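Everything on this sheet refers to the single structure shown next.
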Amino acid sequence: MLQPNTFESKVAATPRLPSDLRVTYLIARRGALESLRDRMTVLMSLFFSLVLPLILVVAFVVPIRDDPESLRRVLAIYILIIGLMPASSAIGIASGQFAGEKEQGNLAPLLASPASNVAIFGGKVLSSVVPCVVFAVVGELMYLVYLAVFLGRDGLSQLPVGMALAMVLLVPLIALFASIVASLISSRVRTFNTAQQISGLVMVPLWGAMIGISFALKGWLALTTMVVVLALIDLTLTIASAKTWRREEVLSKQ
C-alpha cells in the first residue's frame with residue numbers, strides 16, 4: 001500500500017500567506033475605519049468640506065467676479081486650498097499609526113506577523129490618507145456647487161480646466177507626502193505627542209514650500225510636471241522609509 005508523500009501533504013496543509021497588496025489593503029482599511037471614530041476629526045473635516053468652500057466663495061470669489069483675469073487664477077488656487085484643508089488632518093492620524101498604537105500596546109501583534117515592512121508601512125500611510133482625501137473630494141465638489149450657485153454657468157466657465165485638474169491631483173499627493181513623513185517620524189519615536197509635535201514642526205515649512213511652488217507655477221504643463229515629480233518622491237520615500245525601519249527593535253521594546 002502506497003504511503004502518501006508526507007512533504008507534499010504538509011505543503012498542501014500549510015495556509016497560503018496573503019500577498020503584500022492584500023495585507024496593505026487590510027491594514028489601510030482597519031486604520032481608516034478607526035480614524036473615523038474620532039468625532040472631533042470628523043466634525044473638523046466636515047467643516048472644511050462643507051462650510052469652508054462656501055466662506056471662500058462668498059468672501060473672496062464673488063467680489064472679483066467682474067475681473068476675469070484675477071478670477072481665473074483664484075478659482076484654480078482655491079481648489080488646492082480647499083482640498084488641503086481636510087487633508088491636513090492626515091498628519092495627526094499618521095502620527096498615531098505607530099507611536100500611538102505602540103503606547104496602547106496594539107502594535108506588537110502586527111509587528112510579529114509575517115507581513116513585510118513595506119506592507120505594514122504602506123498600509124499605515126494609506127489608512128491616514130484615504131479618509132482625508134475622501135473629505136477633500138467632498139470639499140472640491142461643494143466648491144463647484146457653490147461656484148455654480150453664486151457665479152452661474154458663465155462664472156464657472158472661467159475655471160481653467162487644465163490647471164484645475166493639476167491642482168486636484170496635487171491634493172492627494174501633498175497629503176500623501178505629509179502622511180509619509182508623519183508616519184516615518186511616528187515609527188521612530190516613543191509617544192504620540194512627540195510624533196505629532198515633530199511632524200508639525202517638520203511639515204509646516206515643507207507643506208508651505210509645496211503650496212508656494214504650486215501657486216508660483218503658471219500653466220497646466222508645469223503643474224503636471226510637479227504632479228509627476230511629487231508622485232515619484234512619495235513612492236521613493238515610502239519604500240525607503242519601510243526598508244530602513246527596524247521593526248525588530250520596536251518589537252523587542254514592547
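The values are calculated or read from the model by the stated rules, or taken from the named source; none is laboratory data. Because the structure is a prediction, the values reported are computed rather than measured. Note that each Cβ is placed from the backbone with ideal geometry, even for glycine, and that neighbours are counted across all protein chains shown. SASA here: full protein model, heavy atoms, side chains in, ligands and nucleic acids out. Shrake-Rupley method; radii C 1.70, N 1.55, O 1.52, S 1.80 Å.
Before moving on, here are some points about what is shown:
- Criterion violated by residue 231 - all others in (1) open to solvent by less than 30 Å² (accessible area, probe 1.4 Å); (2) at pLDDT 85 or above; (3) of a type in the set (A, V, I, L, M, F, W, C) satisfied: (1)
- Residue match in the stretch 160-176 (condition: over 27 Å from residue 233 (Cα atoms) and surrounded by fewer than 20 Cβ atoms within 10 Å (Cβ to Cβ)): no
- For the stretch 39-49, the tally of residues that are free of Cβ contacts under 8 Å to residues at least 24 places away in the same chain and more than 16 Å from the chain's Cα centre (by Cα) stands at 4.
- Considering 141, 147, 151, the condition of being without any contact (Cβ under 8 Å) to a residue 40 or more places away in the chain, more than 23 Å from residue 20 (Cα to Cα), of a type in the set (A, V, I, L, M, F, W, C) and part of a helix (DSSP H, G or I) is satisfied by 141 alone.
- Close contacts from the stretch 83-104, counting a first residue that is in contact (Cβ under 8 Å) with a residue 60 or more places away in the chain and among the small types (Gly, Ala, Ser) and a second that is surrounded by fewer than 24 Cβ atoms within 10 Å (Cβ to Cβ) and not in a helix (DSSP H, G or I), with Cβ to Cβ under 6 Å and a gap of 6+ residues or different chains, come to 99/189; 99/191.
- Filter pass, residue 87 being out of contact with any helix residue (DSSP H, G or I) (no Cβ under 6 Å at 6 or more places or on another chain), modelled with pLDDT under 85 and hydrophobic (A, V, I, L, M, F, W, C): no
- Just one of (1) modelled with pLDDT under 90; (2) of a type outside the set (Gly, Ala, Ser); (3) within 30 Å of residue 162 (Cα to Cα); (4) surrounded by 12 or more Cβ atoms within 10 Å (Cβ to Cβ) fails for residue 34. It is (3).
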